[in-house]
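A short write-up of the structure that comes next.
The values are calculated or read from the model by the stated rules, or taken from the named source; none is laboratory data. Bear in mind the structure is a predicted one, so any value in this text is a computation, not a measurement. Cβ coordinates were reconstructed from backbone atoms using ideal geometry, including for glycine residues, and neighbour counts include every protein chain displayed. All accessible areas refer to the heavy atoms of the entire protein, side chains included, with ligands and DNA or RNA removed. Shrake-Rupley method; radii C 1.70, N 1.55, O 1.52, S 1.80 Å.
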Amino acid sequence: MHNVVIVGAGPAGLSAAIAAAAAGAPVLLIDSNPRMGGQYWRMAADSLENQIDQHYDLETGLLLINAVKARKEIEVWSNAQIWSATHKDGVNTLRIIHQDNEKIVNTKNLIICTGAYDRTLPFPGWDTPGVMTPGAVQSLLKGHAVLAGKRIVVAGSGPFLLPVATGVLKAGGEIVELIEANKPIRWLKSFAAMLENLHKINEGYYYLKTISTGKVRPRFGYAVVRAYKADNDELDSVDIAKIDRNFNIRKIKNIKCDVAAIGWGFTADTSLAGSLGCKQIVAEDDGVVIWADDKQQTSVTGIFVAGEITGIGGSELSMAEGVIAGISAAKFVGCKVEIKKAHIKRRAKKQRFATALIRAYPIKSGWKSWLTGESIICRCEEVDLNDLKHAITELGATDSRTAKLFTRCGMGLCQGRICGRSVVDLVADNLEISPTDIDRIAAVNRPIITPIPLGVLAAGE
Amino acid sequence: MKNPDAIVIGAGVVGACSALALTNAGLKVLVIDRGPVASGTTGAGEGNILVSDKEPGAELTLAMRSRDAWFELDTDIGGGFELEAKGGIVVSRSEKGISNLKRLATLQKSSGVETIELDRNGLQKIEPYLSADVEYGVLYPKDAQCQPMLAAAQIMRAVKKRGGVFVQGENVIKVNSNHNSVTGISTDKNSYISPIVINATGTWAGEIAKMANSYLPIMPRRGFILVTSPAPKLIHHKVYDADYVANVASGQADLQSSAVVEGTASGTILIGASRERVGFNGELDVAILRQLARQAISLFPILSNVQLLRAYRGFRPYAPDHLPVIGEDALISGLWHAAGHEGAGIGLAPATGELITSQITGQSPFMDPSPFSPKRFQGSEYVAV
Ligand SMILES: Cc1cc2nc3c(=O)[nH]c(=O)nc-3n(C[C@H](O)[C@H](O)[C@H](O)COP(=O)(O)OP(=O)(O)OC[C@H]3O[C@@H](n4cnc5c(N)ncnc54)[C@H](O)[C@@H]3O)c2cc1C
Ligand SMILES: Cc1cc2nc3c(=O)[nH]c(=O)nc-3n(C[C@H](O)[C@H](O)[C@H](O)COP(=O)(O)OP(=O)(O)OC[C@H]3O[C@@H](n4cnc5c(N)ncnc54)[C@H](O)[C@@H]3O)c2cc1C
């Protein structure tokens, strides 16, 4: 029997590994982090005793991680980053940087669970040191037990702001402001999805309770719209604006802080699956995700996906999908196993909650009005909005690809992970058209998934 | 635009330069492209403007004029495309390679190319990170570079300012003619009338010729380029191995590569490019990336620690004899070709525009255009195929 190969050891990948192994398939689990757990269960140490108190549901995570470790039919490669992958004649070739060397895995079946990363929006001053993503603040805390600053503003939109603020408080930091752009009333539209996922409401309540023991009171309908540098080039303060339903600015006040953690939900990391030719689609939140059928199989036979990469939905949906993907892949390699009705039902329930989430935290087009001509859009290449407009009005760019070639927007170190999505929106906005799915998908196309030293590349065969 | 004097199909660098030269000569020009400016091979190439890689002959004459024409054009339209006279260095490490390179440089010199011979010390002085085992090289101060997409866009902007019209997003599907004389073209959306049509569609030029019931053997030759993450300035010229010249001239179908290494204004290092004939197959081929990386490191060992950030590829338009096609169609009068520049289309574009314009307007051309004439492929033995 062939190995089931899984990439990503977050909630989705761990669940898939256990399900495939339980069905009798040997598993190879590949992950780029030093420890299993993915984003949600990122840890600074291996055992529970040594953990700082930063997690809501680490018990489930440790349960899965220990189950993976206990099963000898699951082989785990940590610190293993896939830098490139290609698909030919039914075989997927994964090229992996592992301990400074390159390893090659050829496999006909694959489960991709590469998760997501923070979505950012540009605004004047967002390139100031001290402006970061909530994910980065949390990774420092969870992964290194380091607090990013003393006086922290947490802002943006989405439920993820709550655990980040809670984590900061628990680690002894001060939350100066916790602000959410959308109003909670939006949740009422999804009452049924909330009722059937009451424990999630409980989780939210737990965060809010912790937060209220600090002095901070969350504000809704506000956003950070400008950041200011101090003389030492570090963050001095931010402008916080009351915004309307479309995110247009109403009233502004200035707040001193040394860190502003600002995030607007997540963007799925589709680069690996995209390289292998899996069909990409544009989701309700305009993010690009990988299409999958009800068995979690992609448009490429033998490649399955689970977790945030199929659409942003949180750890529970990731686990529900992971189990189904694990069973499907095990079946694909010849195991006698079937997806159960209960699995399908669980996934559907979590999916309804995920949809409610997306609808409760929309990103409205008014964010573009926060920008000035001099606002940096691409931080790596220092391209500002005027440059982008020049590419359109003077040089004749009529799509984001051409605008990118003219300005180098999105061609720097992060390869457009940070600005790519916003650039597509801004270019379309300036042309007074709507972005096409082709534009959005082209913006996430990255055949070199992660940079690789030329020396390592040259040494490979 | 009603009744343009000439229609240019293709807004790559060659179409843009042709349109500008025609406009400057007083013609009303309409440019049509199915995509935005530079959406073809021009948007997938490097910006080398080389005289160093050409053997004496018609192409070198074209290249030398074109190199100077780039700098005149830069002044004429006000720049904005990162033109830089950076200089190229060709090196060799084998005995045979060195003697070939010496012979080539001597011939080039007698054709008027500026060349400076360098020994190991001379090389180390101007390229301190060059591998110490390189003992011979030739510096070509006239080799230059530009940012090709910006160049095409700035040139098209000048064309529009000077009265030309650019229609984008229309796919040409037919070249209309009457008694073997061009009358205009049809796109998927409109028809346009003009007695002169210039086919500047690069790798797709054969399709346009076919639409006019003529024939042009232009085919794709794939190339990959590596782009590194920004590094402090390590490399000051374009540096390449003399094997490159042999590859450029080669007719082999299988993979050839000889890394041309250069630093750019943004700090990234470009390593290009491979050459192979695989049709329009765009799949990432990691074996090629590895080969380019090996060759680049053998020239500059320090690159071993620099990170590959991205790779891209394009399809050079080539003719069987590796010369561009510039001139009037032998079968359809009024149909002009400016295509098939292979790996030198950026460098050769301005002189191509001048050459085609002087032929169309009946001015005396700066060189004999006959070696580039499409007639060489349009005798009975070809058309019968
Ligand atoms: C920074 C961050 C923090 C988050 N914190 C929370 C939180 O506190 N609470 C919450 O409910 N949700 C949180 N989320 C949302 C979270 O993404 C999901 O709830 C859940 O972790 C998704 O699980 P997953 O298995 O799909 O992906 P992930 O957990 O993201 O796991 C993906 C794994 O794939 C690996 N990987 C990706 N690409 C490659 C590659 N090319 N080669 C090798 N390995 C690769 C990654 O290293 C990672 O370990 C967070 C998201 C982010 C981005
Ligand atoms: C990897 C690589 C590296 C290179 N490096 C260099 C270099 O360093 N220096 C150099 O000088 N050259 C280089 N080249 C070669 C150079 O890029 C080309 O020779 C040059 O771009 C050709 O320009 P063009 O205008 O003829 O064609 P293109 O730029 O391809 O333009 C043709 C245009 O025609 C349009 N078109 C085609 N068919 C139709 C139709 N039916 N209707 C409407 N429009 C149509 C296309 O959309 C396209 O925009 C390189 C090429 C590659 C691939």
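What the table below lists for this structure:
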item: Using a Förster distance of 35 Å, the FRET efficiency for residue A:89-residue A:283 (Cβ separation, nearest 0.05); result: 0.70
item: Label-point separation in nm, residue B:364 to residue B:179, each point 7 Å along Cα→Cβ; result: 3.3 nm
item: Crossing angle, helix B:286-299 versus chain B [Cα axis fit, 0-90 degrees, rounded to tens]; result: 50 degrees
item: Solvent exposure, largest accessible area first (probe 1.4 Å, DNA, RNA and ligands not counted), of A:215, A:142; result: A:215, A:142
item: Residue-wise HN-Hα coupling along region B:361-371, computed from phi with Karplus coefficients 6.51, -1.76, 1.60 (Hz; x: Gly, Pro); result: 8, x, 7, 7, x, 6, 8, 5, x, 4, x
item: Distance-filtered residues of region B:129-159 - backbone nitrogen under 11 Å, label point 7 angstrom along residue B:84 Cα→Cβ; result: B:145-147
item: Inverse of mean 1/r across different Cα pairs in region A:347-400, Kirkwood, Å; result: 14.1 Å
item: For region A:120-262: relative contact order, % (alpha-carbon pairs under 8 angstrom, 6 or more apart); result: 33 percent
item: Expected 222 nm ellipticity per residue - DSSP helices of 4 or more, -39500 (n - 2.57), all of chain B, to 500; result: -9500 deg cm²/dmol
item: Integer Hz, Karplus 6.51/-1.76/1.60 couplings in order for region A:102-111, x for Gly and Pro; result: 9, 10, 10, 10, 10, 8, 8, 10, 7, 10
item: Residues of region B:102-121 with amide N under 15 Å of a point placed 7 Å along Cα→Cβ from residue B:236; result: B:118-121
item: Accessible area of residue A:272 in the full protein assembly, 1.4 Å probe (Å², nearest 10); result: 10 Å²
item: Amide H contacts of residue A:265 (H built 1.01 Å from N, under 5 Å, at least 5 apart or other chain); result: A:119, A:157
item: Sequence-distant aspartates and glutamates (8 or more away, or on other chains) whose Cα lies within less than 19 Å of residue A:242; result: A:177, A:180
item: Residue-level accessible surface for residue A:346, protein heavy atoms, 1.4 Å, Å²; result: 100 Å²
item: Rounded, prolate or oblate (a/c below 1.5 giving rounded, otherwise prolate when a/b exceeds b/c) for region A:370-442 by Cα gyration tensor; result: rounded
item: Listed residues A:117, B:240 arranged by accessible area, highest first, probe 1.4 Å; result: A:117, B:240
item: Per-residue HN-Hα couplings for region B:188-205 [Karplus 6.51, -1.76, 1.60; θ = phi - 60°; Hz; x = Gly/Pro]; result: 5, 10, 9, 10, 10, 9, 6, x, 10, 10, 10, 8, 10, 9, x, 4, 9, 5
item: Placed amide H near residue B:273: partners under 5 Å, 5+ positions off or other chain; result: B:258, B:260
item: Modelled FRET efficiency - R0 45 Å, residue B:162 with residue A:364, Cβ distances, 0.05 increments; result: 0.55
item: 37 °C / 0.692 mPa s Stokes-Einstein diffusion coefficient of region A:120-262, Kirkwood radius on C-alpha pairs, µm²/s; result: 210 µm²/s
item: Whole-number percent relative contact order across chain B, with pairs defined as alpha carbons under 8 Å at least 6 apart; result: 23 percent
item: Number of partner chain Cβ atoms within 10 Å, mean per residue of B:281-290; result: 4
item: Modelled label reach - residue A:186, point 7 Å along Cα→Cβ, region A:114-157 residues with backbone N closer than 19 Å; result: A:117-123, A:134-135, A:154-157
item: Mean accessible surface per residue for region B:196-350, computed with a 1.4 Å probe while every protein chain stays in place, in Å²; result: 29 Å²
item: Separation between Cα centres of region B:298-312 and region A:172-228, rounded to whole Å; result: 46 Å
item: Whole-percent carbon and sulfur share, accessible surface of chain A, 1.4 Å; result: 52 percent
item: Pairwise centroid distance, computed over Cα atoms, of region B:86-125 with region A:416-457, Å; result: 42 Å
item: Residue mean of other protein chain beta carbons inside 10 Å, A:409-415; result: 3
item: Selection from A:175, A:222, A:137 lying farthest towards where the dipole of region A:120-262 points positive, charges on Cβ; result: A:222
item: Cα-based Kirkwood hydrodynamic radius, the protein assembly as shown, one decimal, Å; result: 29.3 Å
item: Charge dipole (debye, nearest 20) of region A:308-426; +1 at Cβ of Lys and Arg, -1 at Cβ of Asp and Glu; result: 1140 debye
item: For region B:88-221: lysine pairs under 30 Å (alpha-carbon distance), excluding those fewer than 8 apart on one chain; result: 16
item: Heavy-atom accessible surface that B and A bury in contact, both chains counted, 1.4 Å, Å² to 100; result: 3000 Å²
item: Tilt relative to chain A, helix A:314-332 - C-alpha long axis, 0 to 90 degrees, to 10; result: 30 degrees
item: Quotient of C-alpha Rg and 2.2 N^0.38 Å, computed over region A:238-353; result: 1.44
item: Positive-end residue, chain A charge dipole about Cα centroid, Cβ charges, pick of A:422, A:383, A:40; result: A:40
item: FRET efficiency estimate (nearest 0.05) - Cβ-Cβ, residue A:108 to residue A:336, R0 25 angstrom; result: 0.85
item: Solvent exposure, largest accessible area first (probe 1.4 Å, DNA, RNA and ligands not counted), of A:269, A:387; result: A:387, A:269
item: Computed lengthening from residue A:348 to residue A:57, 0.36 nm per intervening residue step minus Cα-Cα distance; result: 102.6 nm
item: Distant-in-sequence amide H partners of residue A:226 (H built 1.01 Å from N, under 5 Å); result: A:239
item: Solvent-accessible surface (1.4 angstrom probe) belonging to residue A:56, in square angstrom, nearest 10; result: 80 Å²
item: Taking chain A and dividing mean pair separation by its residue count, relative contact order in percent (alpha carbons under 8 Å, at least six apart); result: 19 percent
item: Assigned charges on the beta-carbon of Lys, Arg, Asp, Glu; region A:370-442 dipole about Cα centre (debye); result: 300 debye
item: Hydrodynamic radius of chain A per Kirkwood, over alpha carbon pairs, in Å; result: 22.8 Å
